[in-house]
1. Look through Lys40, Lys3 and report the one residue that is more than 25 Å from the chain's Cα centre (by Cα) and at pLDDT 95 or above.
2. Which residues, taken from region 271-289, are in contact with a strand residue (DSSP E or B) (Cβ under 7 Å, 6 or more places away or on another chain) and either under 15 Å from Ala14 (Cβ atoms) or within 12 Å of the ligand (Cβ to nearest atom) (or both)?
3. Looking at the structure I just gave you, is Tyr189 modelled with pLDDT of 95 or more and under 21 Å from Trp302 (Cα atoms)?
4. When the residues of region 67-90 are filtered to those that are more than 10 Å from the ligand (Cβ to nearest atom) and small (Gly, Ala, Ser), which remaining residue is surrounded by the fewest Cβ atoms within 10 Å (Cβ to Cβ)?
5. If you check Ala290, Ala263, which single one turns out to be farther than 30 Å from Arg222 by Cβ and without any contact (Cβ under 8 Å) to a residue 24 or more places away in the chain?
6. Based on this model, can you work out whether Lys118 counts as within 16 Å of the ligand (Cβ to nearest atom), within 25 Å of Asp76 (Cα to Cα) and out of contact with any Lys or Arg (no Cβ under 9 Å at 6 or more places or on another chain)?
7. Can you name every residue in region 117-142 that is touching a residue at least 24 places away in the same chain (Cβ under 8 Å) and in a loop (DSSP other than H, G, I, E, B)?
Amino acid sequence: MDKELRIGVVGTGAIGRTHLERINTQLQGGRVVAVSDVNKEFGKSVAEKYGCKFFEDGEELINSDEVDAIIVTTIDAYHEQYVSASIKAGKYVFCEKPLAAEKEGTKRIVDLEMAGGKKLVTVGFMRRYDPGYKQLKKLVEERTYGEPLMLHCAHRNYGVDESYDNSMPVENSMIHEIDVLRWLLDEDYATAEVVYPKKTKYAHEKLQDPQIMILTTKSGVRIDVEAFINSHYGYDIKCEVCCEEGIVNLPEPANAMVRTKAARITPICEDWSQRFVEAYNVELQEWINAVKAGRVDGPSSWDGYVGAITASAASKARDSQTIVKIEMEECPDFYK
Ligand code: NAI
């Protein structure tokens, strides 16, 4: 496709707007021409600001012949509906994680896509595009320091309000680690466990924070991921890969170090939008390029399905305080 890709965004909330803004101001080859949001007044104001057409109904936008490809950035509960509508319309669709609110929904999407016979879906697991994780991937893949044996990871946020419930450290935050570490190690998980350390006084009544998720891969690599969502200092992502002949660490963001008031200070990001700027840019640029070339080469529906199955097992492990075996179907040839 030579002409500019005409993109429609369903869900003009926080991440929908940042995707729209970067596509229309920084990236090449595509343009958001239409938006839809259930909050009509707000959606219309976004459409006006960026010179897009506003559709009152998300499915009407998806089926419009003014739109070539779709981005779904609604709340989780509506991902399945809009991704399925996009597949039925035969259009490429980029869906923010999670692919569906429930694991059964991700399987229905996989089945629908396979029935259509063409890969159309990309899932927004953007850590795979982060330059730091790409460095780790190269070193692990080439076995530069031997076999990876253990990973120690952390996912810390400054703080959250009461809308962030006890399932969300796994389902909403560590889902990123679930995907990126599986991609990093190139293997699936065998078991999941979630343990509770001592609770911070900053967590609200119904949230157990921090939580530690322990995953074991099929070859026996042991992973611990700390989710500390009320860390009270910033947004901080850590990943240490312990190999047989060396320990490899995810690089810190390159923020300038300042010497002041008898201290050396290097700022830490405040939230995800600052920490993964480059990853989002590359992710969406590669999606536009792939769609224009008529293919899907990012995280697939199958990756969305595996992520959901793993997160669901980890949630079960958390609620039962047991170790849960992760069981899923064989990857179909369609996704290999
Ligand atoms: P948000 O709450 O700011 O925005 C969601 C928007 O969807 C709202 O404007 C809401 O009115 C709209 N909406 C809700 N139901 C709708 C429907 N049926 N039809 C059309 N619009 C509807 O949420 P945020 O933070 O933008 O998150 C959106 C999605 O992006 C979530 O699924 C979240 O998990 C994902 N996300 C991914 C991130 C990443 O790092 N990859 C980071 C932040 C969010």
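1. Of the residues listed, the single one that is more than 25 Å from the chain's Cα centre (by Cα) and at pLDDT 95 or above is Lys40.
2. Of everything in region 271-289, just one residue is in contact with a strand residue (DSSP E or B) (Cβ under 7 Å, 6 or more places away or on another chain) and either under 15 Å from Ala14 (Cβ atoms) or within 12 Å of the ligand (Cβ to nearest atom) (or both), namely Arg275.
3. yes
4. Gly90
5. Values: Ala290 fails: without any contact (Cβ under 8 Å) to a residue 24 or more places away in the chain.
When all the criteria are applied, what remains is Ala263.
6. Spelling it out, it is not the case that Lys118 is within 16 Å of the ligand (Cβ to nearest atom), within 25 Å of Asp76 (Cα to Cα) and out of contact with any Lys or Arg (no Cβ under 9 Å at 6 or more places or on another chain).
7. If the condition is that a residue be touching a residue at least 24 places away in the same chain (Cβ under 8 Å) and in a loop (DSSP other than H, G, I, E, B), then Lys118, Lys119, Leu120, Gly124, Phe125, Asp130 are the ones that fit.
Conditions tested, residue by residue: (1) open to solvent by less than 60 Å² (accessible area, probe 1.4 Å); (2) in a helix (DSSP H, G or I); (3) farther than 22 Å from Tyr129 by Cβ.
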| position | (1), (2), (3) |
| --- | --- |
| Glu283 | yes, yes, no |
| Trp287 | yes, yes, no |
| Val291 | yes, yes, no |
| Gly294 | yes, no, no |
| Pro299 | yes, no, no |
| Val306 | yes, yes, no |
| Ala311 | yes, yes, no |
| Asp319 | no, yes, yes |
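The values are calculated or read from the model by the stated rules, or taken from the named source; none is laboratory data. Here the structure is a predicted model, which means the values were calculated and not measured. Methodologically, a virtual Cβ is constructed for each residue, glycine included, from the backbone with ideal geometry; neighbour enumeration extends over all protein chains shown. What goes into the accessible areas is simple: the full protein's heavy atoms, side chains included, and nothing from ligands, DNA or RNA. Shrake-Rupley method; radii C 1.70, N 1.55, O 1.52, S 1.80 Å.
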